[in-house]
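This report concerns only the one structure given below.
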Amino acid sequence: MKILYFGDLKDITLKREEDIEVESIKISDLKNLLSEKYPPLKESFLNDEVRIIVNGKDYSFTGGDKTLISKGFEIALFSPVGGG
């Protein structure tokens, strides 16, 4: 599956996108996997600060952390946007 990083997440991961080779995984397990790979993401995931889009839909509308994602899916991760 393809993971796309936007905003500050590109600075944390030092990449704009990457492919992760798994047949299927729950969003909660993906968060754990990415937190291990990129430790600064852990707190953002714990505080629910990262917006996760699965094939164009916000994961909170597709089953939340229990959402099962599979090979071929596109996952976009957005950092929180500040404003003034």
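Just to verify a result, which residue in the range 51-79, among those that are among the β-branched types (Val, Ile, Thr) and under 20 Å from Gly7 (Cα atoms), is surrounded by the fewest Cβ atoms within 10 Å (Cβ to Cβ)? Even if it seems obvious, please write down each step before you answer.
Within the range 51-79, the subset among the β-branched types (Val, Ile, Thr) is 52-54, 62, 67, 69, 75.
Now drop any that are not under 20 Å from Gly7 (Cα atoms), which leaves 52-54, 75.
Values: Ile52: 23, Ile53: 16, Val54: 20, Ile75: 21.
Among them, the one singled out is Ile53.
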> Which one of Glu21, Glu43, Glu36 is of a type outside the set (S, T, N, Q) and not in a helix (DSSP H, G or I)?
Replying inline: Glu21
> Can you pull out the residues in the range 47-84 that are under 12 Å from the mean Cα position of the chain (by Cα), within 16 Å of Asp8 (Cβ to Cβ) and not in a strand (DSSP E or B)?
Replying inline: Asp48, Glu49, Val50, Ser79
>> Tell me whether the range 11-21 contains one or more residues that are on the phi > 0 side of the Ramachandran plot and either at pLDDT below 95 or polar (S, T, N, Q) (or both).
In response: no
> Of Ser79, Ser60, Ser70, which residue is among the polar types (S, T, N, Q) and in contact with an Asp or Glu (Cβ under 6 Å, 6 or more places away or on another chain)?
Replying inline: Ser79
> (1) touching a residue at least 60 places away in the same chain (Cβ under 8 Å); (2) at negative phi; (3) in contact with a Phe, Trp or Tyr (Cβ under 8 Å, 6 or more places away or on another chain): which one isn't true of Ile3, the others all being true?
Replying inline: (3)
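So is Leu30 at pLDDT 95 or above and within 12 Å of the chain's Cα centre (by Cα) or not? Even if it seems obvious, please write down each step before you answer.
Numbers: at pLDDT 95 or above: yes; within 12 Å of the chain's Cα centre (by Cα): yes.
Here the answer is yes, as Leu30 does meet what is asked.
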>> Any residue at all in the range 38-58 that's modelled with pLDDT of 95 or more and small (Gly, Ala, Ser)?
In response: no
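Could you say which residue among Ile12, Ile3 is among the hydrophobic types (A, V, I, L, M, F, W, C), in a strand (DSSP E or B) and either under 14 Å from Ser79 (Cα atoms) or out of contact with any helix residue (DSSP H, G or I) (no Cβ under 8 Å at 6 or more places or on another chain) (or both)?
The match here is Ile3.
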>> I'm checking my understanding of the structure. Among residues of the range 9-48 that are within 17 Å of Pro80 (Cα to Cα), touching a residue at least 12 places away in the same chain (Cβ under 8 Å) and polar (S, T, N, Q), which one is surrounded by the most Cβ atoms within 10 Å (Cβ to Cβ)?
In response: Ser44
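The values are calculated or read from the model by the stated rules, or taken from the named source; none is laboratory data. These figures come from a predicted structure and were not determined experimentally. Cβ sites come from the backbone with ideal geometry, for glycine too, and all protein chains shown count toward neighbours.
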